Amino acid sequence: MQVGTEVWAMAESGNKRQKDVNQGHTKKQYSDTAKSGAGVSKQGLRILGMTLICFALMLGVAAVNKSRSPEYLIQEYTIDDSLPRHVKFETMPADLPQQAVGFFFKYQGMAQYELCESIVAGKQSASMNFPQQAADFSEGRYIKEYIVHSFETLPGSGCDDLAKQLKFKEYRIVRVTFSQKWSEEALKGAPQWGDGEYTRNFAVGKERGLRGKWKIFEVGMM
């Protein structure tokens, strides 16, 4: 009886040791699995983080490029309201100096005087008194229509000293033939240059640097 008990005790002890061994393997396997899962999770988070950063950078670049995207002229602009405006290009600008002058007519005709001021350089900007033009427009005294008939780009001449003073890299003369029409309120003041067709020369200089723009710095008589 005692022998049987000893045998049972030994078997029970063996089973216990086997259970401990099995439990040890199970714990080790669980630990390895947990470590492996943690590694995958960290790697996944790193990939997700890098993806989000790249996406944010792409959005940032797109926004910058959009803000730097050049504005293009179209053939005709019309606003019909209490202060009607109309600008039409029978001939579109063929080069960058002409395009600068084209925007001058577009901004003037659309009463966008702040934008017009941004493309006029030096003393010419002050002499045009854009704030006063804006005030006159609000009171109904303005040129309500420009029809641009033609552009012609000529070599820069006659404005060398001024172009040098303004530190332009180079400049051109853009000759424009156009027709203009004043509002009724403006005509009451008998403007010096009334309705009709005119030809006018614009001196347009290119700023230095890779992003240098063409700007009007001298406007001739009509």
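The values are calculated or read from the model by the stated rules, or taken from the named source; none is laboratory data. Predicted model, so just to flag it, every value in this text is computed and none were measured. Here Cβ is always computed from backbone atoms with ideal geometry, including for glycine, and neighbour counts include all displayed protein chains. When the accessible area is computed, the model is the full protein with side chains, heavy atoms only, and any ligands, DNA or RNA have been set aside. Shrake-Rupley method; radii C 1.70, N 1.55, O 1.52, S 1.80 Å.
So, in the stretch 186-210, of the ones that are under 21 Å from Val174 (Cβ atoms) and among the basic types (Lys, Arg), which residue ends up modelled with the lowest pLDDT? Let's see the steps before the verdict.
Restricting attention to the stretch 186-210, the residues satisfying the condition of being under 21 Å from Val174 (Cβ atoms) are 193, 196-208.
Still in the list and also among the basic types (Lys, Arg): 200, 206, 208.
Working: Arg200: 98, Lys206: 97, Arg208: 94.
This residue is Arg208.
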query = Only one of (1) of a type outside the set (Phe, Trp, Tyr); (2) surrounded by 15 or more Cβ atoms within 10 Å (Cβ to Cβ); (3) out of contact with any helix residue (DSSP H, G or I) (no Cβ under 7 Å at 6 or more places or on another chain); (4) not in a loop (DSSP other than H, G, I, E, B) fails for Ala126. Which number is that?
reply = (2)
message = Show the residue pairs meeting these rules: Cβ distance below 9 Å; 6+ apart or different chains; first residue within the stretch 72-84 and open to solvent by less than 90 Å² (accessible area, probe 1.4 Å); second residue small (Gly, Ala, Ser).
response = Leu73/Gly102; Tyr77/Gly109; Ile79/Ala111; Leu83/Ala111; Leu83/Ser138; Leu83/Gly140; Leu83/Ser183; Pro84/Ser183
Qualifying residue in the stretch 91-101 (condition: modelled with pLDDT of 70 or more, surrounded by 13 or more Cβ atoms within 10 Å (Cβ to Cβ) and of a type in the set (Gly, Ala, Ser)) = yes
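Taking the options Gly140, Gly158, name whichever one is in contact with a helix residue (DSSP H, G or I) (Cβ under 7 Å, 6 or more places away or on another chain) and assigned to a loop (DSSP other than H, G, I, E, B).
Numbers: Gly158 fails: in contact with a helix residue (DSSP H, G or I) (Cβ under 7 Å, 6 or more places away or on another chain).
So the residue among Gly140, Gly158 that is in contact with a helix residue (DSSP H, G or I) (Cβ under 7 Å, 6 or more places away or on another chain) and assigned to a loop (DSSP other than H, G, I, E, B) is Gly140.
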query = Applying the selection to the stretch 160-209, what residues are touching a Pro at 6+ places or on another chain (Cβ under 6 Å) and open to solvent by less than 40 Å² (accessible area, probe 1.4 Å)?
reply = Val174, Val204
